Amino acid sequence: MSPTPPLATARHEPMDFHGLLIAPFADFGFMRRALAGVAALSLGAGPIGVFLMLRRMSLVGDAMAHAILPGAAVGYLVAGLSLGWMTMGGLFAGFAVALLSGLVARTTVLKEDAALAAFYLLSLAGGVTLVSLKGSNVDLLHVLFGSVLALDDPTLSLLAGTATLSVFVLAILYRPLVLECVDPGYLRSVSRSGAAAHLGFLALVVMNLVAGFHALGTLLAVGLMMLPAVAARFWTESIGGMIGYATVFGLVSGIAGILISFHAGLPTGPTVILAAGAVYAASMMFGAHGGLVLRLLPRRHLEA
Amino acid sequence: MGDGVMRQAGSPILLDNVTLGYERRPAVHHLSGVIASGSLTAVVGPNGAGKSTLLKGIAGALAPLEGRIETASRIAWLPQAADVDRSFPLSIYDLVAMGLWRRHGLLGGIGRKDRETIAEAIAAVGLTGFENRPIGTLSGGQMQRALFARLLLQDASVILLDEPLTAIDAKTAADLLDLVRRWHAEKRTVVAVLHDLDLVREMFPQTLLIAREAVAWGETRDVLTAENLLTARRMAEAHVPHAAACHRAA
């Protein structure tokens with residue numbers, strides 16, 4: 001289970017369909033684990049990204065990633081490269097920032113984005129200070145860029161568990177989440193579930209980012225959340241459709257990224273995100289709903 | 001929704017020395033009175049008179065700075081220019097169906113009977129055939145029709161309408177007013193903020209003329225006098241930049 005792909009072996013394979021797409025997974029356990037990992041990530045993070053985008057919170061994922069980074073780093077300081085400690089640290093920092101900014105937004109004049117900006121910056125600065133006080137030589141590269149090719153059993157379980165929980169919780173929160181975007185005033189008039197749904201949703205965002213950073217790193221985990229979601233917006237007008245597209249796009253980007261990084265010897269996390277970026281660029285160009293090409297195509301207007 | 005006309009009769013809405021406002025500044029000042037169950041009341045007054053704030057307070061979306069608002073009724077509230085995000089990918093059908101929230105909440109399934117009820121409501125506002133259109137493609141009038149359909153499904157005993165006919169054409173206004181008459185006939189309490197005084201005189205038995213404080217409240221013909229309207233305009237124009245704390249008793 002070496003984290004470095006044995007390039008020599010790969011290059012000696014004949015470069016046909018099987019050698020390009022199947023053999024890496026058939027021959028190497030760590031590649032199969034990586035495949036399972038990105039599949040789980042796509043299932044959970046894809047739908048969440050769709051809701052983030054629809055709720056005009058596309059940048060919240062990024063802010064949250066910054067917020068959990070110091071938590072994970074402190075976990076690393078305490079116990080080294082420990083899944084449990086880093087997960088707990090990340091969750092703690094993320095939940096704290098989500099709760100505090102939600103609280104400030106609902107009790108003071110500040111809007112949530114302003115409150116979140118304040119708290120995630122404090123979390124980031126506090127975390128960096130703590131790390132430097134310890135004077136420890138933290139390998140922050142792991143936290144920043146993850147290691148898709150070194151997913152062990154507990155990490156895979158964490159990814160799968162997070163994805164499962166996300167899908168279930170999203171199903172429960174679906175109505176208030178949608179209604180809170182479309183018509184928040186109406187939701188408040190019929191139900192008090194809006195605030196709870198919002199906090200529950202933010203908790204899911206944090207959990208998916210924390211799970212994602214073991215594979216892709218804190219900052220890149222946002223990529224597999226947002227890029228497939230914004231790409232999906234170009235293909236359908238329905239929320240269910242977007243969730244489907246986002247999940248598939250995430251999966252395809254994940255597999256493509258792993259394979260490209262395997263064959264070309266590139267770092268896996270960034271390659272996966274770049275693959276997702278390619279899907280996004282293609283969607284933006286050729287998307288059936290608001291894509292560039294269709295908009296620029298000279299077409300006669302309709303009769304009615 | 002025709003079933004149980006008796007069930008619609010809710011309790012009256014009691015306003016006891018109510019002051020509503022923002023950042024300690026009153027928008028509605030020391031208002032007392034009763035909106036009788038099953039009544040049809042127009043709220044009239046100049047801009048900035050506190051009409052929307054009053055409805056917000058009755059709906060429970062804004063806590064009074066002083067006094068209390070009491071009602072045991074289920075309230076449906078259509079805010080002025082409801083803050084519906086029209087860019088959200090949602091169909092008209094789904095928007096209307098959300099009127100069933102109270103009955104189905106978070107997870108309740110929409111059954112065959114519910115689908116019939118939703119179809120009836122959509123038909124009642126004349127939007128049949130538009131069910132699958134995204135809300136972003138609706139005109140202002142069609143949107144208001146859809147929101148009225150949602151109100152129908154909410155099946156509330158008190159219905160608060162905040163300028164429901166603003167920027168609405170004559171045909172749509174007539175259709176929506178028919179629904180208001182229907183609610184009144186069903187003994188629901190309807191309170192509507194309006195600017196068309198001719199319409200108020202013609203259709204609304206009760207009127208509250210407000211300019212931060214109540215100018216007059218009662219039978220429409222007694223309230224909408226030239227003298228009262230002039231008073232209301234003068235009161236609304238008064239603005240005090242450095243107001244002291246109010247100690248008026250109830």
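The values are calculated or read from the model by the stated rules, or taken from the named source; none is laboratory data. Because the structure is predicted, anything quoted here is derived from the model rather than measured. As a convention, Cβ positions derive from the backbone with ideal geometry for all residues, glycine included, and neighbour counts pool all protein chains shown. Areas reflect the complete protein model, heavy atoms only, side chains present, ligands, DNA and RNA absent. Shrake-Rupley method; radii C 1.70, N 1.55, O 1.52, S 1.80 Å.
Observations, loosely collected:
- Looking only at region B:82-102, and only at residues there that are more than 7 Å from every other protein chain (Cβ to nearest Cβ) and open to solvent by 30 Å² or more (accessible area, probe 1.4 Å), the one that is farthest from the chain's Cα centre (by Cα): B:Ser87
- Qualifying position, being within 9 Å of chain A (Cβ to nearest Cβ) and open to solvent by less than 40 Å² (accessible area, probe 1.4 Å), among B:Gly105, B:Gly111: B:Gly105
- Residues that are in contact (Cβ under 8 Å) with a residue 24 or more places away in the chain, assigned to a helix (DSSP H, G or I) and open to solvent by 50 Å² or more (accessible area, probe 1.4 Å), drawn from region B:117-139: B:Glu120
- Residues that are surrounded by fewer than 24 Cβ atoms within 10 Å (Cβ to Cβ), in contact with a Gly (Cβ under 8 Å, 6 or more places away or on another chain) and either among the aliphatic types (A, V, I, L, M) or touching a residue at least 24 places away in the same chain (Cβ under 8 Å) (or both), drawn from region A:59-83: A:Val74, A:Tyr76, A:Val78
- Of all the criteria given as (1) of a type in the set (A, V, I, L, M, F, W, C); (2) in a helix (DSSP H, G or I); (3) open to solvent by less than 20 Å² (accessible area, probe 1.4 Å); (4) more than 26 Å from A:Leu187 (Cα to Cα), the one not satisfied by B:Ala173 is (4).
- Just one residue in the set B:Leu15, B:Leu54 is open to solvent by less than 20 Å² (accessible area, probe 1.4 Å) and in a helix (DSSP H, G or I); that residue is B:Leu54.
- Restricting region B:70-81 to residues that are at pLDDT below 85 and surrounded by fewer than 16 Cβ atoms within 10 Å (Cβ to Cβ) leaves a set whose member that is farthest from the other protein chains (Cβ to nearest Cβ) is B:Ala72.
Okay, residues lined up against (1) more than 14 Å from chain B (Cβ to nearest Cβ); (2) modelled with pLDDT under 95:
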| residue | (1), (2) |
| --- | --- |
| A:His214 | yes, yes |
| A:Thr218 | yes, yes |
| A:Ala229 | no, no |
| A:Glu237 | no, yes |
| A:Thr271 | yes, yes |
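- With respect to the conditions (1) free of Cβ contacts under 8 Å to residues at least 60 places away in the same chain; (2) under 27 Å from A:Thr155 (Cβ atoms); (3) aromatic (Phe, Trp, Tyr), A:Phe213 falls short on a single one, namely (1).
- Residue check, A:Gly217 surrounded by 22 or more Cβ atoms within 10 Å (Cβ to Cβ), under 15 Å from the mean Cα position of the chain (by Cα) and at positive phi: yes
- Counted residues, region A:157-207 - those being open to solvent by less than 10 Å² (accessible area, probe 1.4 Å) and in contact with a strand residue (DSSP E or B) (Cβ under 7 Å, 6 or more places away or on another chain): 0
- Pair list, Cβ < 6 Å and 6+ apart or interchain, from region A:164-186 residues that are at the interface with chain B (Cβ under 8 Å from one of its Cβ atoms) and under 12 Å from B:Leu90 (Cβ atoms) to residues that are modelled with pLDDT under 90 and open to solvent by less than 10 Å² (accessible area, probe 1.4 Å): A:Leu179/A:Leu187; A:Cys181/B:Phe88; A:Val182/B:Phe88
- Test: residue in region B:159-177 that is on the phi > 0 side of the Ramachandran plot and without any contact (Cβ under 8 Å) to a residue 60 or more places away in the chain: yes
- Counted as qualifying within region A:216-304 are the helices (runs of 4 or more DSSP H) with 2 or more residues that are more than 23 Å from A:Arg55 (Cβ to Cβ), namely A:239-264, A:268-286, A:292-296.
- Number of the exception - A:Leu91 against (1) open to solvent by less than 70 Å² (accessible area, probe 1.4 Å); (2) without any contact (Cβ under 8 Å) to a residue 40 or more places away in the chain: (2)
- Among the residues of region A:241-289, those identified as among the hydroxyl-bearing types (Ser, Thr, Tyr), under 19 Å from A:Ala215 (Cβ atoms) and over 14 Å from the mean Cα position of the chain (by Cα) are A:Ser261, A:Thr268, A:Thr271.
- Only a single item in (1) in a helix (DSSP H, G or I); (2) more than 30 Å from B:Ser39 (Cα to Cα); (3) free of Cβ contacts under 8 Å to residues at least 12 places away in the same chain is not met by B:Tyr93, and it is number (3).
- A:Phe262 open to solvent by less than 10 Å² (accessible area, probe 1.4 Å), touching a residue at least 24 places away in the same chain (Cβ under 8 Å), of a type outside the set (Lys, Arg) and within 14 Å of chain B (Cβ to nearest Cβ): no
- For region B:142-154, the count of residues that are part of a strand (DSSP E or B) and of a type outside the set (Ser, Thr, Tyr) is zero.
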